[in-house]
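Reading through the structure tokens given below for one structure.
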Amino acid sequence: MELTFKNPAEETRQAMCDASLEMGNRPRTKEYRESAEESIEKITGHDHARVLSSGNAAIMAAMANIEGPVMIPDQGGWSGFRKMAEFLGRTVLYLPTSEGVVDEEILEEQLKQKKPDALFITSFAGYMAEQPVKAIFEICEDQGVLLVEDASGSVGDPEGNLANGDHSHVLVASTGSPKVVNVGNGGFISTSDPQKFQDTGFLLKTLQASPVTCAGLREEIKKAPLNLVKTIDACKFIKKELKTCLHPDKRGINVTVPVDEPKKIGRTLRQALNVKGGGMITTCPRYDRIKQPAVCLEIKNLDINCLSRDNLQEIVATVHRVTGQV
């Protein structure tokens, strides 16, 4: 079995090389930026987009003009939500979830009770389970709460459930490695409300990405739907074959397996599942995944060309052997 860490596509790398040779050419710089932003608008359905230096820069831009409390999931979100809120002096409220997944009734009750200005969620709870984003958006709309969806793991969803501008007021994403739009650095923010960009214009300019990143994003975003589908399908296969995992019936881009000794089992799995150029094992408890002892198989980290049935079956067999699942 040969597993390979995800890298930007050859076309993406070539586009970034070409753009680096154009540094200082203002017309070309503008072209790279505008075409990248148009590609984001097209895939998200939002009317406005900006390419920024990182996913956390996008979160900062989204949070900068929010004055009141922000709500985030109690687990399975992104730690950058909390860190950025603390940096900006915003009050953080925690939404109780079911192993990271938002319950609609609890959400409605919590919004009425705690009255946050905004809710920040990730498309996939802990990358392992699809959030009911459309239902969440409708509840937020009714309550006058801004919904910000971190779509780092879901750009290009062919089902239109995730990273869909019709279901989120604001979308943010990282395009660093090894995200679905895998440029190696950068991020973006999109919205259909022009006021959000007008209110943070100086910050957006300060946080903007280089033309090289824009050139790469323009190419790599074309690969996002296929990358996402192949990764979701691989996780679906693994979830079906494993004896125990969290959220077995939900779409996701990693697979989380509860275990009693996550550090020990994680070390053994890292040795057994050797990934050329990177890794694919995360241990829990941790906020970004799940707050219980577990190991995560980060299938999202792998190049889709190595997600063959034979490799996936060997991954399953390895997990069964190491964790003692029978």
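The values are calculated or read from the model by the stated rules, or taken from the named source; none is laboratory data. This is a predicted model, so every value here is computed, not measured. Cβ atoms come from the backbone with ideal geometry, glycine included; neighbour counts cover every protein chain shown. Protein only, heavy atoms only, side chains kept; ligands, DNA and RNA dropped before computing areas. Shrake-Rupley method; radii C 1.70, N 1.55, O 1.52, S 1.80 Å.
Just a few scattered comments:
- Filtered residues of segment 47-70 (kept if in contact (Cβ under 8 Å) with a residue 60 or more places away in the chain, assigned to a strand (DSSP E or B) and open to solvent by less than 10 Å² (accessible area, probe 1.4 Å)): A49, V51, L52
- Applying the set (1) open to solvent by 40 Å² or more (accessible area, probe 1.4 Å); (2) under 28 Å from S53 (Cα atoms); (3) in a helix (DSSP H, G or I) to I232 leaves exactly one unmet item: (1).
- Test: residue in segment 275-290 that is of a type in the set (G, A, S), outside any helix (DSSP H, G or I) and crowded, with 20+ Cβ neighbours inside 10 Å: no
- Each residue in segment 96-116 was checked for being open to solvent by less than 70 Å² (accessible area, probe 1.4 Å), out of contact with any Asp or Glu (no Cβ under 6 Å at 6 or more places or on another chain) and of a type outside the set (S, T, N, Q), and 9 of them qualify.
- Taking each residue of segment 114-132 that is at positive phi and looking for partners that are outside any strand (DSSP E or B) and open to solvent by less than 10 Å² (accessible area, probe 1.4 Å) with beta-carbon atoms closer than 6 Å, six or more apart or interchain, yields G126/G76; G126/G100; G126/I290; Y127/G153; Y127/I253; Y127/N254.
- The residues of segment 261-317 that are closer than 26 Å to S98 by Cβ, hydrophobic (A, V, I, L, M, F, W, C) and within 21 Å of the chain's Cα centre (by Cα), listed by number, are M280, I281, C284, I290, A294, V295, C296, L297, I299.
- Residue within segment 121-132 that is open to solvent by 10 Å² or more (accessible area, probe 1.4 Å), closer than 24 Å to I40 by Cβ and β-branched (V, I, T) present: yes
- Taking the criterion of being out of contact with any Cys (no Cβ under 8 Å at 6 or more places or on another chain) and among the hydrophobic types (A, V, I, L, M, F, W, C), the residues of segment 1-42 that qualify are M1, F5, A9, A15, M16, C17, L21, M23, I40.
- Exactly one residue among K263, K250, K300 is among the charged types (D, E, K, R), outside any loop (DSSP other than H, G, I, E, B) and in contact with a strand residue (DSSP E or B) (Cβ under 7 Å, 6 or more places away or on another chain), and that residue is K263.
- Failed condition for A163, given (1) surrounded by 24 or more Cβ atoms within 10 Å (Cβ to Cβ); (2) farther than 30 Å from V319 by Cβ: (2)
- Extreme residue, farthest from G153 (Cα to Cα), among residues of segment 235-271 that are of a type in the set (S, T, Y) and crowded, with 16+ Cβ neighbours inside 10 Å: T268
- All positions within segment 82-138 that are among the β-branched types (V, I, T) and under 30 Å from M280 (Cβ atoms): T97, V101, V102, I121, T122, V133, I136
- Qualifying residue in segment 100-107 (condition: over 19 Å from N161 (Cα atoms) and touching a residue at least 24 places away in the same chain (Cβ under 8 Å)): no
- Once segment 71-89 is narrowed to residues that are more than 17 Å from I121 (Cα to Cα) and part of a helix (DSSP H, G or I), the residue that is least open to solvent (accessible area, probe 1.4 Å) is L88.
- Pairs, first touching a residue at least 60 places away in the same chain (Cβ under 8 Å) and open to solvent by less than 20 Å² (accessible area, probe 1.4 Å) in segment 1-21, second in a loop (DSSP other than H, G, I, E, B) and of a type in the set (D, E, K, R), C-beta under 7 Å, six or more apart: K6/D303
- Contacts under 6 angstrom Cβ, first residue in segment 223-252 being closer than 20 Å to G126 by Cβ, partner among the acidic types (D, E) and at pLDDT 95 or above, 6 or more apart: L246/E99; K250/E130; R251/E130
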